[in-house]
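The block underneath contains the structure these notes are about, expressed in structure tokens.
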Amino acid sequence: MTATERVDLAVADLHPALGDPALTSMNFLNEVSERYPAAVSLAAGRPYEEFFDLAAVHRHLDTFHRHLVDDLGHRPEQARRLLLQYGRTKGIVHHLIARNLAVDEGITVDGEDIVVTVGCQEAMFLVLRALRAGPTDVLLAVAPTYVGLTGAARLVDLPVWPVAGGPSGIDLADLAAQVRRARAAGLRPRACYLMPDFANPSGVSIDTAHRRRLLELAGQEELLLLEDNPYGLFPVDDGSRPPTLKALDTGRRVVYLGSFAKTVLPGARVGYVVADQRVAGPDGRVGPFADQLAMIKSMVTVNTSPIAQAVIGGRLLEHGCSLVAANTRERSAYTRNLRHLVAGLARRFPPGADGAAAVRWTVPAGGFFVVVTVPFPVDDALLDRSARDHGVLWTPMAHFYDDTAPVHALRLSVSAVTPEQIDVGLDRLAALITDERARRAG
Ligand SMILES: Cc1ncc(COP(=O)(O)O)c(C=O)c1O
């Protein structure tokens, strides 16, 4: 837009979330990568594209169609209507999601407690919209946190209070303290959002004993937990996976957020939420929280594309509803890349003469992300310089904190690159770090 172009609306007159860093973050990162298309991207948390297969999409659709007719007994015209017409707000693959959760996660859930959504992002939005009842409501979230959560909270005017993550994944003493502090200030903490498995961006996972303690605390404090789990299926080397919070949840404390973006196809835009909490409606009838979420969904996206759901459903059916089984190749590619990245960092940043390292990094047990700590603050200007002068992209960790304090760390992602690209990217990152240290020293 030019300076002389006529302006019809002022952003100051639109929702206050517009222009907020949480909402502009994703656009900024996309813009940088568009401006420097030749740069190696260790920024994108996208799944590996080499396994995408258009022919398989057609097959999945056919598989689900046959399932409707052969397994569920629909007449051909009913099956056609289910796939092509407006449909059930809560979705048409809920029974397969319930089976998937039983097979892969040991979670027992009634299909009626599930809402199939337009990606996990919509699921987060629906839950936050429902929970934000008034101006005293706040959301707790383990920091650093996924920016899509912070942005969704902004859009529903729900303040986000950080809870310390730390090496255990969630600092329970801090969680209890934040709950108390909020209540003492007359506020109502509605829930705590977290990713117990290979979190984005920290890569940290919570061990089983700590999960149990968290559930106990949530029970004592009567707090809901929003468990987001897009990366749990990707442990290094098929390593063991602790039970999800939802699998351990005997008191309906956990709202479980699921995504098929990383385990099937991001382009399908299908996710879901398991919301089995009982809610008494205005008529006194008790139903699942999922029904309230569906009411909101009916006014946001009406229903999730049945064609997209069918693609997901077909993929599930072709693997006995196990995404663990469906993602063998993906798991080994991510394992290979994570190993390669960590080894590459160790080669390029050996400890100094005193044994201390100026550059440090995490070694996650799975997932897509490694956090690199450097001896200077990492901001958007440095990312721009990195892309322009060195041809490598990454994500400033500052984007995952809901304040303006400087952060001396960046996030690298291994999911959408080859080992060769990792090598090139790390060489360029090392050059950037050398330059930046020299610039600051001189
Ligand atoms: C932690 C987390 N939650 C949710 C999402 C969004 O998932 P979806 O693509 O299904 O909307 C992402 C995507 O990167 C994510 O990292």
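Treating cross-link reach as a plain straight distance, find the lysines whose alpha-carbon is under 21 Å from the alpha-carbon of LYS90, omitting any fewer than eight places away in the same chain.
Qualifying lysines at Cα under 21 Å: LYS246, LYS297.
Which length gain, in nm to one decimal place, applies between ALA441 and ASP70 when the Cα-Cα distance is subtracted from 0.36 nm times their residue separation? Mind dumping the intermediate values first?
Details: separation 371, 0.36 × 371 = 133.56 nm, distance 7.09 nm.
Answer, rounded to one decimal: 126.5 nm.
Using label points projected 7 Å from each Cα along Cα→Cβ, tell me how many nm separate ARG285 and THR434, to one decimal.
My value for the distance between the label points is 7.0 nm.
If you take the charge dipole of the chain about its Cα centre, with +1 on Lys and Arg Cβ and -1 on Asp and Glu Cβ, which of ASN337, VAL254, VAL147 is farthest toward its positive end?
VAL254
I'd like to know which of PHE234, GLY73, ILE206 lies farthest towards the positive end of the charge dipole of the stretch 57-325, counting +1 on Cβ of Lys and Arg and -1 on Cβ of Asp and Glu.
Value computed over the given set: GLY73.
For the stretch 94-133 and the stretch 134-161, what is the separation of their C-alpha centers, rounded to whole Å?
The stretch 94-133 and the stretch 134-161 have Cα centres spaced 20 Å from each other.
If the only charges are +1 at each Lys and Arg Cβ and -1 at each Asp and Glu Cβ, what is the size of the charge dipole of the chain around the Cα centre, to the nearest 20 debye?
Charge dipole, the chain, about its Cα centre: 320 debye, nearest 20.
Can you list residues from other chains, or at least 5 along the same chain, whose modelled amide H is less than 5 Å from the amide H of ASP137?
For ASP137, whose amide H was placed from the backbone, the distant partners under 5 Å are ARG188.
Mean Kyte-Doolittle of at least -1.0 and a Cα length of 27 Å or more along the axis: which whole DSSP H helices of the chain meet both? List each step's numbers first, then the result.
Values: long enough: 328-348 (30 Å, -0.96); 419-441 (33 Å, -0.43).
Correct list, ordered by number: 328-348, 419-441.
Measure off 7 Å from each Cα along the Cα-to-Cβ vector at ARG213 and ASP379, then give the distance between these two points in nanometres to one decimal.
3.8
Which longest run of the chain has no exposed loop site in it, a site being trypsin sites (Lys or Arg not before Pro) in a DSSP loop with at most 10 other beta carbons within 10 Å, and the site itself not part of the run?
7-284
Helix-only estimate, please: 222 nm mean residue ellipticity of the chain, summing -39500 (n - 2.57) across DSSP H runs of length 4 or more and dividing by its residues, to the nearest 500.
-12500 deg cm²/dmol
Would you mind ranking THR362, THR250, THR418, THR117 by Cβ crowding within 10 Å, fewest neighbours first? Walk me through the numbers before you get to the answer.
Details: THR362 19, THR250 8, THR418 15, THR117 30.
Sorted ascending by nearby Cβ count, the order is THR250, THR418, THR362, THR117.
The chain: percent of C-alpha pairs farther apart than 32 Å?
Values: 39888 of 97461 pairs.
Value for the chain (Cα pairs over 32 Å): 41 percent.
Quick note: the coordinates plus some simple rules give every number you see, no bench work behind them. Keep in mind it's a predicted model, so treat the numbers as computed, not measured. All Cβ positions, even for glycine, are placed from backbone atoms using ideal geometry, and neighbour counts span all protein chains on display.
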